[in-house]
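The values are calculated or read from the model by the stated rules, or taken from the named source; none is laboratory data. Bear in mind the structure is a predicted one, so any value in this text is a computation, not a measurement. Cβ: placed from backbone, ideal geometry, glycine included. Neighbour counts: every protein chain shown. Accessible surface areas use protein heavy atoms only, side chains included; no ligands, DNA or RNA. Shrake-Rupley method; radii C 1.70, N 1.55, O 1.52, S 1.80 Å.
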Amino acid sequence: MQAIWQKVKADILTRPLISLLVFVTVATSSMLLTLALATLTNLNAPYDRSFEELNAAHLWLYFDRSFVQQRDVERIEALPIVAQSTGLRYNAMSQVRIHGSRTWVSLRALPEETPEVNRLLIIEGQRPRSREDELLVSKDLDDLYEVPIGGSIGIAKADGEEILLPVVGLAYNAMWDTYRSDQPPYVYVSLDTLQSLYPDESSWGWSVGLRLTDPDGVEDALAQIEQLLHEDAVESHTDWRDVRRSAIFGARLNFIFLGAFSFFTILATILVVASSIGSIVLSQYRQIGILKAIGFTQRQVLWLYVGQYLLLSFIGAPIGLLGGVLLSPLPLKNVAASLSTTFRPPIEPHLIAIVLTVPPGVVLLSTLSAAVRGAKLPIIQAIATGAEAPEENDSWLGRTISRLGLPIVLTLGVNEILANALRSLMTGVNLTLGVLGIVFGLTLNGTLDVYRQNPSLLGIVHDAQVTRQRTGDLQTCHLLERAPGVDAFYSELRLEAEIPEERAFTVRAVDGDLHAFPFHISEGRMLRPNTNEAIAGRGLLNWLDLSVGDEVTLVLEDRETHPIVFKIVGQYPEPANMGQMMMVSWPAIDRWVQGLEPRTYLLQLTPDHDPERLKAFLEPGRDPDLNLTFLENAFPDDVVYLQMAIFGLSVILIGIALINVFNTTLLAMQEKMRTIGILKTIGMTPLQVLGMFTMAAGFLGFLATLLGLPLGISFTKGLLTVLSSHFGFGEVVVNIHPLYAFLLVPLMIGVSILGSLIPGRWATRVSIVDVLRSE
Amino acid sequence: MNTLVKATDVQKVYTTGGVAFEALKGVSLAIEEGCFWAIMGHSGSGKSTLLHLIGGLDQPTAGSVRVNEHDLTTMNETELAKFRRKHIGFIFQFFNLVDNLSVRANVELPALLANSRNRSQIRTRSDRLLERLGIDRHADKHPWELSGGEQQRVAIARALINAPTLLLADEPTGNLDSNSGERVLRILQECHESGQTILMVTHDPLAAAEAKRVLFLHDGEFVGALPGGDPEPIAKRMTELK
């Protein structure tokens, strides 16, 4: 054992390049593994983490003021099922103007101190200070209107006057959701500001958030509360489980994309370690032969290599872990913010344990497998040929290249690739993963372009939207008919619908020039106006286990005495509420749902429309009633952010591939010292030596691209189809720009050549005399 | 006759671990075209070092080496590679063939490195050489399938493919049995008879006797010369040098 230890120390210290290579490989891999695992950790149950960290409410009650007193709220708080309460919260409905667009918001007063229950997650900036007229906007408002944090937005006072207030921060509320209820985005202010903007406290809305002793006892709690109060006292409520479902659905996009890339990174990391370490051991077969010749047993040879590489990996893994921990906030703080949760540093025991054991474990296995093969080689053969196994043949590919009259250095390079098939395969797989990552990003990009150019594939058929307040429905329709640049329009009214099993969802009741809009019907046909026909999103059909052609009985807006039967004649890509929506004809049902009128109008504009003229027509004067919003981007910012993340991760994968090409070429160079010496002796110039290595690497890059392109497209198509089925869209039209696909070939060849350039240059400096003298 | 090789006051110093070792101590040598000379000496005498310097594989510490009017000491790596390709053919003790190339591919390699466009001409030349050296039936085999003598004949064919000005042989029989060694020497003799200039390094008096002139190198200096043909005085001189 003493002899082995002496040799381990000597090998580590006297072969610094090999030691450094093992150390750097393990440290880099451990760092990437840390980042990949940290990504998965931050993707894991983001809503549940935020919910716990913010001590969010399980049930939020919105009251009708005319039926509730302060003491009623106190009676609710005293119920045994209620563990904690936010206390009574006040709000007023107001309008804000952001970048010229107006929208309704719920202006909510924040308590002076940070509350114990349902705290806000401050994503950016800070809370409004008391006695300062400052705004804290919700993330959802920012998603819709890109609120300028640090800038100002216009806000309407009770008397209709608009004042500009500074936006000091951006926050996430774990109990805000529009999935089951109709909530406007929230804007938070201090109680003083609410009082100054809306002095009449009787106009304020009341609500309270409750934490329950049994989080799943929401229905029970509601029943007890309704028994305490007037039957109409609770106007609506938010169940934390609905918000959670909605949040999980929203995060699924992030989870699938980032999860897939984390998986790639982990796989690539393992491949890098396995191929590099295996190759390093392979390059030392000659030494193994010599050791056996002087009396080392097979077991001692194994101990020698396992010992030295494990030792180096035990040093490299913690350093890589430290690097990963230090680097992780850079990419992952944004990931956490996009998931509305706090960044979780990768310092959890199980994560640390994985990073400290997996790379050394892979080192152990790859060392053992290569060393066992080496130790089994006959001594003479090992000493005489090293890793250059005598049975190596010139390959059919090499012969073909030679017959084609291509440069001899390419033939030699290709022979080298095929002579070390396993190692080349690992490098090739690594390069292919890089290609796959880029193709994934490019295909996603191309596909998004298709959807951008044709948003109807996403269920978005309008160019602009108008909402009204005081102006009547007929008058609005009349205005829209005369509006310059409006080609067609239809009105929409969202209704609450319930089926007999008390499952609730939202129905779009539409009326107008529906035929003029490019509705994309994935299955069946479009509904006919004035009939009880309906079209439904895939999410709704899946949820209610319905198919096109089925009939469904709905209770609309609690009109239980008039249930209406609809025949589902088609399926359309519903972009909202997980696809759990239905579209029906408003004239067919308006007599059953009296007292309601559409307030939203979807417009199709002429190609030559003048946006300024249309805005001036529909929003004349200082305080217009109609509000026009142009549809500029059908995609949420998250998609753009994810694209960036995917390209970022592709760069990492390419970086890993680059390291692997470097390692492979370096090892090939070390193994081929003798051959390089011979080739130089018979007249190979330094440029030809360099060409031999770079062409071999470039050829590998070329093969990887040929393989990675179709694989990447298939993978993206599969992944997007999975996503599509969750969102309720039809088949995904996957597209990649041919020019980008074509450019990928020189890019990957270039990356491979780049990785081989430095060791290739080292190879040109191999001293012929040293090689000949070593014989 | 023209002087093909002219080495003047050639010194070569190797430094290993901070310790300098003078392998050649200012030797001079002139070889005329068409000669077959041998250099003899014991291990460490500097004979291989001198061969490497004449072949442009290494640069002297001092002095100059000119081969066929080319001053090797002023050439860069690429120029030296092209010089070797065109003017020098090497034969080594351990053959130094490329294992994963066939016999024919090994032979053709220097020609292809020089000019890969005239493949049919190269093929004709290699076929002729393989036939001349009696290894044409092994053309598609790999070096490891051949005997030592056959491998050395492949190495000779490779050395001759570009019709070099100078053939350098470093212990060409040192790794062969006597029959194979004799055959290799016969081939070298035939080459010489056809006008090839040959410089051979050896410590075998029988091999050295094949040359027309034998130079003796001892501790980095020439210490005399004998005519070739008779191995006995050569062996005696070698014994004296011990």
**Prompt:** Considering only region B:45-62, how many residues are within 23 Å of B:Pro233 (Cβ to Cβ) and not in a helix (DSSP H, G or I)?
**Reply:** 2
**Prompt:** On the given criteria, is A:Phe693 under 41 Å from the mean Cα position of the chain (by Cα), open to solvent by 30 Å² or more (accessible area, probe 1.4 Å) and more than 14 Å from chain B (Cβ to nearest Cβ)?
**Reply:** no
**Prompt:** Checking A:Pro331 against (1) at pLDDT 80 or above; (2) within 44 Å of the chain's Cα centre (by Cα); (3) not in a loop (DSSP other than H, G, I, E, B), which test does it fail?
**Reply:** (1)
**Request:** Could you please find all residues in region B:232-242 being open to solvent by 40 Å² or more (accessible area, probe 1.4 Å) and in contact with a Leu (Cβ under 8 Å, 6 or more places away or on another chain)?
**Result:** B:Pro233, B:Arg237
**Request:** Starting from region A:689-704, keep only residues that are among the hydrophobic types (A, V, I, L, M, F, W, C), then list their pairs with residues that are outside any helix (DSSP H, G or I) whose Cβ atoms are within a distance under 8 Å, requiring at least 6 positions of separation or different chains.
**Result:** A:Val689/A:Val766; A:Met692/A:Met684; A:Met695/A:Pro407
**Message:** Against the definition (at pLDDT 80 or above and at the interface with chain B (Cβ under 10 Å from one of its Cβ atoms)), how does A:Ile713 come out, yes or no?
**Reply:** no
**Request:** Could you please find all residues in region A:210-235 being open to solvent by 40 Å² or more (accessible area, probe 1.4 Å) and either free of Cβ contacts under 8 Å to residues at least 12 places away in the same chain or under 13 Å from A:Tyr62 (Cβ atoms) (or both)?
**Result:** A:Glu219, A:Ala223, A:Glu226, A:Gln227, A:Glu231, A:Asp232, A:Glu235
**Asked** Can we say B:Ile31 is in contact with a Lys or Arg (Cβ under 6 Å, 6 or more places away or on another chain) and either under 27 Å from B:Ala225 (Cβ atoms) or facing chain A (nearest Cβ under 10 Å) (or both)?
**Response** no
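Residues are listed down the side, and each one gets a yes or a no for (1) among the aliphatic types (A, V, I, L, M); (2) surrounded by fewer than 19 Cβ atoms within 10 Å (Cβ to Cβ); (3) not in a helix (DSSP H, G or I):
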position: A:Ala260; (1), (2), (3): yes, yes, no
position: A:Ile280; (1), (2), (3): yes, no, no
position: A:Ile290; (1), (2), (3): yes, yes, no
position: A:Ser313; (1), (2), (3): no, no, no
position: A:Leu321; (1), (2), (3): yes, no, no
**Residue count, region A:559-579 (criterion: closer than 24 Å to A:Pro500 by Cβ, under 40 Å from the mean Cα position of the chain (by Cα) and open to solvent by less than 20 Å² (accessible area, probe 1.4 Å))** = 7
**Request:** Show the residue pairs that are 6+ apart or on different chains and have beta-carbon atoms under 6 Å apart, the first residue being within region B:226-239 and more than 15 Å from B:Ile39 (Cβ to Cβ), the second being part of a helix (DSSP H, G or I) and open to solvent by less than 40 Å² (accessible area, probe 1.4 Å).
**Result:** B:Pro231/B:Pro205; B:Ala235/B:Pro205
**Request:** Tell me which of these A:Arg599 doesn't satisfy, since it passes every other one: (1) open to solvent by less than 50 Å² (accessible area, probe 1.4 Å); (2) over 22 Å from A:Arg503 (Cα atoms); (3) not aliphatic (A, V, I, L, M).
**Result:** (1)
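Tell me whether region A:150-163 contains one or more residues that are closer than 28 Å to A:Glu53 by Cβ and either at pLDDT below 85 or buried (at least 16 other Cβ atoms within 10 Å of the Cβ) (or both).
Of region A:150-163, the ones closer than 28 Å to A:Glu53 by Cβ are A:150.
Those left that are additionally either at pLDDT below 85 or buried (at least 16 other Cβ atoms within 10 Å of the Cβ) (or both): none.
Within region A:150-163, none of the residues are closer than 28 Å to A:Glu53 by Cβ and either at pLDDT below 85 or buried (at least 16 other Cβ atoms within 10 Å of the Cβ) (or both).
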**Request:** Check A:Gln475, A:Gln469 and return the single one that is assigned to a loop (DSSP other than H, G, I, E, B), over 30 Å from A:Ile736 (Cα atoms) and either open to solvent by 20 Å² or more (accessible area, probe 1.4 Å) or touching a His at 6+ places or on another chain (Cβ under 8 Å) (or both).
**Result:** A:Gln469
**Request:** Out of the residues in region A:502-525 that are in a loop (DSSP other than H, G, I, E, B) and closer than 26 Å to A:Asp463 by Cα, state the one that is least open to solvent (accessible area, probe 1.4 Å).
**Result:** A:Phe517
**Complete:** If we ask which residues in region A:67-86 are free of Cβ contacts under 8 Å to residues at least 60 places away in the same chain and not charged (D, E, K, R), their number turns out to be 3
**Message:** Every residue in region A:670-683 that is touching a residue at least 60 places away in the same chain (Cβ under 8 Å) and either over 23 Å from B:Glu108 (Cα atoms) or within 11 Å of chain B (Cβ to nearest Cβ) (or both), please.
**Reply:** A:Gln670, A:Glu671, A:Lys672, A:Arg674, A:Thr675, A:Ile676, A:Gly677, A:Ile678, A:Leu679, A:Lys680, A:Thr681
**Message:** I'd like to know if region B:194-202 contains one or more residues that are open to solvent by less than 20 Å² (accessible area, probe 1.4 Å), within 14 Å of chain A (Cβ to nearest Cβ) and in contact with a strand residue (DSSP E or B) (Cβ under 9 Å, 6 or more places away or on another chain).
**Reply:** yes
**Fill in**
Scanning region A:657-669 residue by residue, those more than 14 Å from chain B (Cβ to nearest Cβ) and either closer than 18 Å to B:Thr78 by Cα or touching a Phe, Trp or Tyr at 6+ places or on another chain (Cβ under 9 Å) (or both) turn out to be A:Thr665, A:Leu666, A:Met669
**Message:** On the basis of being acidic (Asp, Glu) and within 16 Å of B:Leu167 (Cα to Cα), does B:Glu79 make the cut?
**Reply:** no
**Request:** State which residue is farthest from the other protein chains (Cβ to nearest Cβ) when the search covers only region B:43-65 and only residues that are touching a helix residue (DSSP H, G or I) at 6+ places or on another chain (Cβ under 7 Å) and either basic (Lys, Arg) or open to solvent by 10 Å² or more (accessible area, probe 1.4 Å) (or both).
**Result:** B:Ser64
